[in-house]
Amino acid sequence: MSRFFTKRLEGLAPYVPGEQPKIDGLVKLNTNENPYDPCGAVRDAGLDENLKCYPDPECGLLVDAIRTHYRLPAGTVMVGNGSDELLGFAFLAYGGPDNKMVFPQISYGFYPVFGQVFQTAFREIPLKGDLSIDPAEYRDAEGTIIIANPNAPTGIALSRKEMESILQSNPDRLVIVDEAYVDFGGESCIPLIDEYDNLLVIQTFSKSRSLAGCRVGFAVSNREIIGDLNRIKYSFNPYNLDRLAIKIATEAILDVEYFEGTRQKIIATREWLFREMTDRGFVVTPSKANFLFTKPPQVDGRTYFQRLREKGILVRHFDKPEIEQFVRITIGTREDMAKLLKATDEILKESAEGEPHENL
Ligand SMILES: *Cc1c(COP(=O)(O)O)cnc(C)c1O
């Protein structure tokens, strides 16, 4: 840290992204990317773009495509440079020293970091014993609520009815629903936008639309809330999406058939892997996301993570005490999952036989 860095942020502990390894041949199941390429039309989409000119600050082409897809009226959608940017805008708009955020104790690791960097106090609400969120715990919350639904890294989803109960019990609080994984089997709150003026839904193109490398997310709410977020955006980074991202993401949302195909494949692979792992004695949460959250038998979470890594398979392990026995495994292709199971069987066999170094 230089001597010029603001004292206010001296204690800042930044978000640690999952590893993006430069090693060839690794089976990469650690950051919830989609194993399938984006739809064919995105490949050529950027080639003729007029890159010497600034992009449309309103990103009208993409916003209109999203509105058409979800049948939403004008003024109710905006896009961000990844949904992380929109979450950041929301912390700026609704956080700060006079406000508080409320979110689950086990959830997306970025929320507490945003809390620190935007000087917003936050309260973390513990999960239930089965790692699910208890909607009753959010009744009359002390501040703006943020819920990832399905939650990360558990994959467990609340139903739309349960989300409604949180909205109803907080009529004077904003409820932000982070739906990064909703396309893999959750129930979106987008249809509730008309009914609840305290609802902000945020989604991303990174997971279900295979565009993690493109950085596009979107927010859906009423005109006032979208107006707030635009106020922040135009005070910070008006041209927040580049021309290529606008064009590419528009192609991705138009190709409904491709989206349906890949998303169904991932759901089917997840359900199959769920059974395979449960049969091997793993505890697996009922995930509605493109990953499984699972506790291995015989070995602890960290050991399982490390042994997989030695065998060229990268998954994610979190050090938080409540979940340190678990690992999060991104759903890849069927072939990726077969490699994972083969490596897993070897690890379980090795541990049953006693670890090699213990026999020396
Ligand atoms: C991946 C993820 C995001 C961020 O997505 P980007 O659009 O790539 O910034 C936000 N929230 C949750 C819960 C996520 O898992």
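The values are calculated or read from the model by the stated rules, or taken from the named source; none is laboratory data. Remember, it's a predicted structure, so these values are computed and weren't measured experimentally. Because the Cβ atoms are built from the backbone with ideal geometry, glycine has one as well, and the counts that use them run over all protein chains shown. These area figures cover heavy atoms from the full protein model, side chains too; ligands, DNA and RNA do not enter into them. Shrake-Rupley method; radii C 1.70, N 1.55, O 1.52, S 1.80 Å.
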> Taking a spot 7 Å from the Cα of residue 123 along the direction of its beta carbon, which residues of the stretch 138-152 have an amide N less than 17 Å from it?
Replying inline: 138-147
>> Skipping prolines and chain starts, which residues have an amide H placed within reach, meaning under 5 Å, of the one on residue 125, given they are 5 or more residues away or on another chain?
In response: 103, 105
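Only bridges whose two residues both fall in the chain count here: according to DSSP, what percent of them are antiparallel, nearest 5? The partial results should precede the final answer.
On the way: 16 of 33 bridges.
Restricted to the chain, the bridges split so that about 50 percent are antiparallel.
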> What fraction of the DSSP beta bridges in the stretch 78-226 is antiparallel, stated in percent and rounded to the nearest 5?
Replying inline: 30
> Put +1 on the Cβ of each Lys and Arg and -1 on the Cβ of each Asp and Glu in the stretch 26-86; which of 82, 59, 70 then has its Cα farthest toward the positive end of the dipole?
Replying inline: 70
> Which residue, 25, 46, 60, tops the fluctuation ranking in a GNM of the chain built on C-alpha contacts under 10 Å?
Replying inline: 25
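Suppose every K and R has +1 on its Cβ and every D and E has -1 on its Cβ; what is the size of the dipole of the stretch 1-103 about the Cα centre, in Debye to the nearest 20?
Details: 10 positive and 14 negative charges, 95 e Å.
With Lys and Arg at +1 and Asp and Glu at -1, about 460 debye.
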>> I need the peptides 7-17, 314-324 ranked by packing, meaning the mean over residues of other C-beta atoms within 10 angstrom, with the highest value on top.
In response: 314-324, 7-17
> Between 298, 141, 220, whose Cα lies farthest towards the positive end of the dipole of the chain when Lys and Arg beta carbons carry +1 and Asp and Glu beta carbons carry -1, centred on the Cα centre?
Replying inline: 298
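With a 1.4 Å probe and all protein chains left in place, how much of the accessible area of the chain comes from carbon and sulfur atoms, in whole percent? Don't skip to the answer; put the middle values down first.
Working: 8520 of 16920 Å².
Roughly 50 percent, rounded to a whole number.
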>> With unit charges on the beta carbons (Lys and Arg positive, Asp and Glu negative) and the dipole taken about the Cα centre of the stretch 304-349, which residue among 347, 325, 312 sits farthest to the positive side?
In response: 312
> For the chain, what does the alpha-carbon gyration tensor say about shape, rounded, prolate or oblate, given a ≥ b ≥ c as the root eigenvalues, a/c under 1.5 as rounded, and a/b over b/c as prolate?
Replying inline: prolate
> Hey, rough spin-label estimate for residue 254 and residue 268, points 7 angstrom out along Cα→Cβ, what's it come to in nanometres?
Replying inline: 2.8
> With the contact rule set at Cα under 8 Å and sequence spacing of 6 or more, what percent relative contact order holds for the chain?
Replying inline: 23
> In what sequence, highest mean first, do 326-337, 227-238 appear when ranked by Cβ atoms within 10 angstrom?
Replying inline: 326-337, 227-238
> How many angstrom separate the Cα center of the stretch 1-74 from the Cα center of the stretch 77-127?
Replying inline: 18
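With the Cα gyration tensor of the stretch 1-74 giving a ≥ b ≥ c as the square roots of its eigenvalues, does the rule (a/c under 1.5 for rounded; else a/b larger than b/c for prolate; else oblate) give rounded, prolate or oblate? Write out the running numbers ahead of the final one.
Numbers: a/c = 1.98, a/b = 1.33, b/c = 1.50.
It comes out oblate by the Cα gyration axes.
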>> Between the stretch 186-203 and the stretch 254-333, what is the separation of their alpha carbon centroids in Å?
In response: 28
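If you place +1 on the Cβ of every Lys and Arg, -1 on the Cβ of every Asp and Glu, and leave all else neutral, what size is the dipole of the chain about its Cα centre, to the nearest 20 Debye? Could you put the intermediate results ahead of the total?
Details: 42 positive and 53 negative charges, 103 e Å.
About 500 debye.
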> For the stretch 171-300, what class follows from the C-alpha gyration tensor (a ≥ b ≥ c being the square roots of its eigenvalues): rounded when a/c is under 1.5, otherwise prolate if a/b is larger than b/c, else oblate?
Replying inline: prolate
>> Using protein chains only and a probe of 1.4 angstrom, how many square angstrom of residue 142 are accessible, to the nearest 10?
In response: 80
